[in-house]
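Scroll down for the structure; my scribbles are underneath it.
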Amino acid sequence: ANRFNIIYGGNLGVVQGLDTVIEAAKTLGDIEDLQFVFIGDGNDQQRLKSLVAQQDVDNVRFIPRQPMSEIRNFFALGDVLLVHLKALPIFELQMPSKVLSYLACGRPILCGFEGVAAQTILDANAGVSCPAESPDFLAQRVRELYALPRSEREQLGANGRRAYLQNFTLETSVEKIEGVLANVVATQI
């Protein structure tokens with residue numbers, strides 16, 4: 001409550017590169033009501049918690065993994081939903097399922113890596129992106145989102161929700177697959 005919440009939900013693993021997020025959080029300490037909330041667990045969780053404690057980063061919170069049926073309630077409290085991965089070329093080609101979940105939630109998205117997922121977010125006008133493992137750029141994007149009027153952030157979220165409903169629901173995905181299969185069959189006849 002009474003915080004600008006940037007929420008990351010999911011695996012707290014090495015490939016997520018969340019130490020970059022912690023480094024960015026340190027530089028954003030001047031924004032008193034801003035906090036990063038990591039929800040989940042993973043093989044890098046203890047190291048990340050230790051890093052936060054050692055560096056006395058007071059704007060990062062950890063919440064244990066939540067059931068799938070409950071996580072949307074946490075995402076609804078987010079002012080911005082964060083997805084971040086390490087700077088590996090393979091990740092530029094991937095669409096983490098988290099991105100689709102975030103779009104469905106109708107919250108603005110901050111994508112901390114480039115590629116297909118970032119382009120999907122940008123094409124939908126559902127948020128912003130920055131290069132992976134770049135705490136300075138990440139902090140800059142956070143400042144930009146923080147400075148936006150609430151109505152503009154809500155519009156980003158609404159844009160994402162609309163993109164999800166138009167392109168990524170089970171129904172729309174099945175229709176696309178049916179269309180591809182129909183084209184394959186038509187070209188074989």
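The values are calculated or read from the model by the stated rules, or taken from the named source; none is laboratory data. Remember, predicted model here, so these are calculated numbers, not experimental data. We place every Cβ from the backbone using ideal geometry, glycine too, and count neighbours over all the protein chains shown. Note: areas computed on protein heavy atoms with side chains; ligands, DNA, RNA excluded. Shrake-Rupley method; radii C 1.70, N 1.55, O 1.52, S 1.80 Å.
If I ask for residues that are farther than 26 Å from residue 158 by Cβ, aliphatic (A, V, I, L, M) and in a helix (DSSP H, G or I), which ones from region 64-90 would you list?
Taking region 64-90 as the starting set, the residues that turn out to be farther than 26 Å from residue 158 by Cβ are 64-65, 67, 86-90.
From what's left, aliphatic (A, V, I, L, M): 87-88, 90.
Answer for region 64-90, where residues must be farther than 26 Å from residue 158 by Cβ, aliphatic (A, V, I, L, M) and in a helix (DSSP H, G or I): just 90.
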Subset tally (residues that are assigned to a helix (DSSP H, G or I), out of contact with any strand residue (DSSP E or B) (no Cβ under 7 Å at 6 or more places or on another chain) and either within 13 Å of residue 28 (Cα to Cα) or open to solvent by 60 Å² or more (accessible area, probe 1.4 Å) (or both)) for region 142-156: 7
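In region 1-24, what residues are hydrophobic (A, V, I, L, M, F, W, C), in a helix (DSSP H, G or I) and either out of contact with any helix residue (DSSP H, G or I) (no Cβ under 8 Å at 6 or more places or on another chain) or open to solvent by 30 Å² or more (accessible area, probe 1.4 Å) (or both)?
Once the filter is applied, which keeps residues that are hydrophobic (A, V, I, L, M, F, W, C), in a helix (DSSP H, G or I) and either out of contact with any helix residue (DSSP H, G or I) (no Cβ under 8 Å at 6 or more places or on another chain) or open to solvent by 30 Å² or more (accessible area, probe 1.4 Å) (or both), region 1-24 yields 14, 15.
Considering only region 65-76, how many residues are loosely packed, with under 13 Cβ neighbours inside 10 Å and not hydroxyl-bearing (Ser, Thr, Tyr)? Show your work before the answer.
In the first step, residues of region 65-76 are kept if they are loosely packed, with under 13 Cβ neighbours inside 10 Å; the result is 67-70, 73, 76.
Retained after the next criterion (residues that are not hydroxyl-bearing (Ser, Thr, Tyr)): 67-68, 70, 73, 76.
Summing the residues that are loosely packed, with under 13 Cβ neighbours inside 10 Å and not hydroxyl-bearing (Ser, Thr, Tyr) in region 65-76 gives 5.
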Residues (over 21 Å from residue 136 (Cβ atoms), loosely packed, with under 13 Cβ neighbours inside 10 Å and acidic (Asp, Glu)) located in region 33-64: 33
Pair list, Cβ < 7 Å and 6+ apart or interchain, from region 118-134 residues that are within 25 Å of residue 149 (Cβ to Cβ) and modelled with pLDDT of 95 or more to residues that are open to solvent by 20 Å² or more (accessible area, probe 1.4 Å) and in a loop (DSSP other than H, G, I, E, B): 120/95; 129/114
Any pair with Cβ under 6 angstrom, 6 or more apart, that starts in region 151-177 at a residue that is touching a residue at least 24 places away in the same chain (Cβ under 8 Å) and hydrophobic (A, V, I, L, M, F, W, C) and ends at one that is part of a helix (DSSP H, G or I) and open to solvent by less than 60 Å² (accessible area, probe 1.4 Å): 163/103; 168/100
